[in-house]
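Asks: Next up is a structure, given as structure tokens.
What follows is calculated from the coordinates using simple rules that are stated; it is not laboratory data. Remember, it's a predicted structure, so these values are computed and weren't measured experimentally. Methodologically, a virtual Cβ is constructed for each residue, glycine included, from the backbone with ideal geometry; neighbour enumeration extends over all protein chains shown.
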Amino acid sequence: MTGEELLETYPKAAVAIKEFYYGKMIDSLQEDNDIPEEFKDMVKAQQFDSEYVATFIDTNPRFLFDIFDANNVFIQISIDIENNCFRWSFDGGRVESNDYTSRKEAETIAVEEAFKILNDKL
């Protein structure tokens with residue numbers, strides 16, 4: 001699924017993810033005294049919309065790990081060096097039986113599963 005599809009399919013998770021990262025963005029602006037107040041105000045006034053978040057999901061699914069961790073959905077990515085592949089599991093438990101050729105591919109599939117879990121928790 002694309003980031004946009006995940007946000008549409010799992011609306012509760014989408015709201016939590018957008019709120020979490022909007023809060024992180026605002027906090028980082030507040031902590032940086034070198035940024036002019038006018039710019040901070042402009043950023044705060046902009047919409048932190050689904051398209052923006054979907055782009056992050058598609059390009060770097062790992063950015064979601066913090067929100068999942070904050071909600072006790074722990075993704076573990078492991079590597080099988082002998083077979084040169086990656087796997088994922090949740091909470092050290094259920095392991096996906098497929099082998100993935102790249103870390104990003106494993107993370108992308110794990111994030112899809114984590115969206116389902118987070119949406120059900122909320």
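Asks: For segment 83-98, check the following and say yes or no: at least one residue is without any contact (Cβ under 8 Å) to a residue 24 or more places away in the chain, closer than 17 Å to I17 by Cβ and of a type in the set (D, E).
Replies: There is no residue in segment 83-98 that is without any contact (Cβ under 8 Å) to a residue 24 or more places away in the chain, closer than 17 Å to I17 by Cβ and of a type in the set (D, E).
Asks: While we're on this one: Could you tell me whether L6 is touching an Asp or Glu at 6+ places or on another chain (Cβ under 8 Å), on the phi < 0 side of the Ramachandran plot and in a helix (DSSP H, G or I)?
Replies: Details: touching an Asp or Glu at 6+ places or on another chain (Cβ under 8 Å): yes; on the phi < 0 side of the Ramachandran plot: yes; in a helix (DSSP H, G or I): yes.
Considered against the rule, which asks whether it is touching an Asp or Glu at 6+ places or on another chain (Cβ under 8 Å), on the phi < 0 side of the Ramachandran plot and in a helix (DSSP H, G or I), L6 comes out as yes.
Asks: Pick out the one residue from Q30, Q76 that is closer than 25 Å to A14 by Cα, of a type in the set (S, T, N, Q) and in a helix (DSSP H, G or I).
Replies: Numbers: Q76 fails: in a helix (DSSP H, G or I).
None of the other options fit; the residue is Q30.
Asks: Please specify each residue of segment 34-75 satisfying the condition of being exposed (fewer than 15 other Cβ atoms within 10 Å of the Cβ) and of a type in the set (G, A, S).
Replies: Once the filter is applied, which keeps residues that are exposed (fewer than 15 other Cβ atoms within 10 Å of the Cβ) and of a type in the set (G, A, S), segment 34-75 yields A45, A70.
Asks: Please go through segment 8-19 and give me each residue that is touching a residue at least 24 places away in the same chain (Cβ under 8 Å) and either closer than 16 Å to K44 by Cβ or among the hydroxyl-bearing types (S, T, Y) (or both), ordered by number.
Replies: Of everything in segment 8-19, those that are touching a residue at least 24 places away in the same chain (Cβ under 8 Å) and either closer than 16 Å to K44 by Cβ or among the hydroxyl-bearing types (S, T, Y) (or both) turn out to be T9, Y10, K18.
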